[in-house]
Amino acid sequence: MFRSFSIAAVAAVLCLAACAPEIPPDPKPSDGFTGAEKVAIDEVFSIISGTFPEPQEVLFRDPLVSDVEGEGRFVCLDAAMPGDRWTGFVATKAKNEEAYHVVREKDALSPKARPQCRALVLKYLGEQDVDWYDAEIAYNKAGCAHLDTTYWEAWKLACNGKIIRPVTTSKPSA
């Protein structure tokens with residue numbers, strides 16, 4: 001009797017396991033990319049996630065590869081720990097170098113200010129014949145007074161070339 005019950009229990013567990021939906025793997029930043037772009041995104045994300053306290057928990061959004069004529073190829077993406085503020089990253093590898101050089105955003109822009117600051121960076125940062133008084137007022141009004149100029153100069157140079165995005169856009173979980 002006990003043997004029949006055990007066999008029935010095992011059969012029921014196997015049947016339920018076969019019917020259970022598969023849990024999809026967590027998306028990778030390189031999902032939707034192919035070839036060299038996929039390799040570059042995976043390499044850069046591995047470097048970036050290593051800068052966080054728990055690399056396996058790092059979320060990402062908006063990965064892209066940008067070809068900038070005369071400057072090279074760059075990888076741009078945002079990353080964060082669950083529940084934390086998103087941080088921008090720009091990575092490049094010089095032609096004869098093995099490792100990527102990564103620039104991490106070090107300012108504390110609010111999520112609302114970030115898109116406005118991007119537009120102001122494109123308009124003012126590093127441009128000639130800029131009225132700096134007008135620029136300063138615009139930056140202050142938009143909440144961009146304390147920009148990390150090292151990151152934003154890299155972003156302006158690197159993340160606005162010929163853009164290659166993933167075929168399917170993955171959404172971060174959280």
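The values are calculated or read from the model by the stated rules, or taken from the named source; none is laboratory data. Values in this document were obtained by computation on a predicted structure and should not be read as measured data. Here the Cβ positions follow ideal geometry from the backbone for every residue, glycine too, while neighbour counts run over all protein chains shown. We work out accessible area using only protein heavy atoms, side chains counted, and drop any ligands, DNA or RNA first. Shrake-Rupley method; radii C 1.70, N 1.55, O 1.52, S 1.80 Å.
Per-structure values
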quantity: Filtered residues of region 85-108 (kept if farther than 24 Å from Gly70 by Cα, modelled with pLDDT of 90 or more and not charged (D, E, K, R)); calculated: Trp86, Thr87
quantity: Enumeration of residues in region 108-143 that are in contact with a His (Cβ under 9 Å, 6 or more places away or on another chain) and surrounded by fewer than 18 Cβ atoms within 10 Å (Cβ to Cβ); calculated: Ala108
quantity: Residue that is part of a loop (DSSP other than H, G, I, E, B) and open to solvent by less than 70 Å² (accessible area, probe 1.4 Å), where the choices are Ala91, Ala99; calculated: Ala99
quantity: Filtered residues of region 64-79 (kept if open to solvent by 20 Å² or more (accessible area, probe 1.4 Å) and touching a residue at least 40 places away in the same chain (Cβ under 8 Å)); calculated: Asp67, Val68, Glu69, Glu71
quantity: Flag for Leu157 being of a type outside the set (Val, Ile, Thr) and either in contact with a Lys or Arg (Cβ under 8 Å, 6 or more places away or on another chain) or open to solvent by less than 60 Å² (accessible area, probe 1.4 Å) (or both); calculated: no
